[in-house]
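Reading through the structure tokens given below for one structure.
The values are calculated or read from the model by the stated rules, or taken from the named source; none is laboratory data. Predicted model, so just to flag it, every value in this text is computed and none were measured. Glycine also receives a Cβ, built like all others from the backbone with ideal geometry; neighbour counts cover every protein chain displayed. Areas reflect the complete protein model, heavy atoms only, side chains present, ligands, DNA and RNA absent. Shrake-Rupley method; radii C 1.70, N 1.55, O 1.52, S 1.80 Å.
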Amino acid sequence: VIRPEPCGVCGSRIRFGKTAIKCCQCQLLLHTKCREQCPSLCVPRPHHHAWPREGVLADFVPSTPPLVPMLVVQCVTEVETRGLTETGLYRVPGAEQLVREWKRKLLRAGGVLPALSSVTDIHVVCGVLKDFLRGLKEPLVTFSLHPAFLRAADIPDDAASDTALRHVVSKLPPANRDTLAFLMLHLFRVSQSPDCKMDVLNLSRVFGPTLVGHSSANPTPLAIMEDTPRQCKVVARLLSLPPSFWRGFVGTEQENLVPI
């Protein structure tokens, strides 16, 4: 190993000068000691299928609906498999170095992702998902629709606010709309778990800046200060919409959201 990289099985860094094993088909890199734990089958992966380090959401979605990045699907599936009994899910941070390493590994893998079951700390998986969403060039709530989302959430009457939000959601690009729907259904399930102790208010504080962001890539300090409480209000209002609304975007093709 010349450039230290994380092992595809255990996730620990393989250090400079150490001997490692690399698959000639899928490029999976692992410690020699982890060879027996390695999946026996892999899928050849052309290098040009690797995802960009950053981009808009549409750069990461599959070609068939629902248009949800496989990275998002795999993180959410892993969290729901073994994380819904963890207190402070998405609020408790994972180890920054592991989050960065796994995000880099998943982006480099492209459409054929290594299993996240080897990540011991589920908070690292949560961190990867949040970091991926934060790293997009444009938030899920796009720059152009950002003011409309804020205005809709500010409407005092709940029914009128819900109607306005449904309308604005329908205007999102298909990839943003499908991914937002998939995440809202996931966060609703997190909020319903008594062990997580992450109600809608807590989740809106965590995901407001991540999902809603600002109306431009370089907001002014004043805009940042004014937007922050309104970002949380948008996510709280979105989470108050019934799951049946969100399932209308992703529910009919749920079988396509099973990670490979």
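Data overview
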{"item": "Accessible surface, per residue, of region 135-206 when the full set of protein chains is kept, probe 1.4 Å, Å²", "result": "43 Å²"}
{"item": "Relative contact order (%) - criterion: Cα under 8 Å, at least six apart; region: the chain", "result": "21 percent"}
{"item": "R0 of 22 Å, Cβ-Cβ distance Cys23-Val92: FRET efficiency to nearest 0.05", "result": "0.05"}
{"item": "Net charge over other residues, Cβ less than 15 angstrom from the Cβ of Leu98 (K, R count +1; D, E count -1)", "result": "0"}
{"item": "Listed residues Cys232, Cys23, Cys75, most fluctuating in the chain (Gaussian network, C-alpha, under 10 Å)", "result": "Cys23"}
{"item": "Residue with peak Gaussian network fluctuation, the chain [Cα springs, cutoff 10 Å], from Thr142, Thr179, Thr64", "result": "Thr64"}
{"item": "Point-to-point label distance, Thr77-Asp59, nm (Cα→Cβ direction, 7 Å offset)", "result": "2.4 nm"}
{"item": "Per-residue SASA entry for Lys171, accessible area with 1.4 Å probe, Å² rounded to 10", "result": "120 Å²"}
{"item": "Note, ³J(HN,Hα) from phi for region 144-157, Karplus 6.51, -1.76, 1.60, rounded to Hz, x at Gly and Pro", "result": "5, 9, 3, x, 5, 5, 5, 5, 4, 6, 7, 5, x, 6"}
{"item": "Accessible carbon and sulfur surface of the chain relative to its total accessible area, %, 1.4 Å", "result": "56 percent"}
{"item": "Computed over region 68-145: relative contact order in percent, which uses C-alpha pairs under 8 Å that are six or more apart", "result": "43 percent"}
{"item": "Principal-axis tilt of helix 158-171 within the chain, Cα atoms, nearest 10 degrees", "result": "50 degrees"}
{"item": "Interchain or long-range residues, amide H under 5 Å from Glu5's placed H", "result": "Ile14"}
{"item": "GNM top mover of Ser63, Ser216, Ser161 - the chain, alpha-carbon springs below 10 Å", "result": "Ser63"}
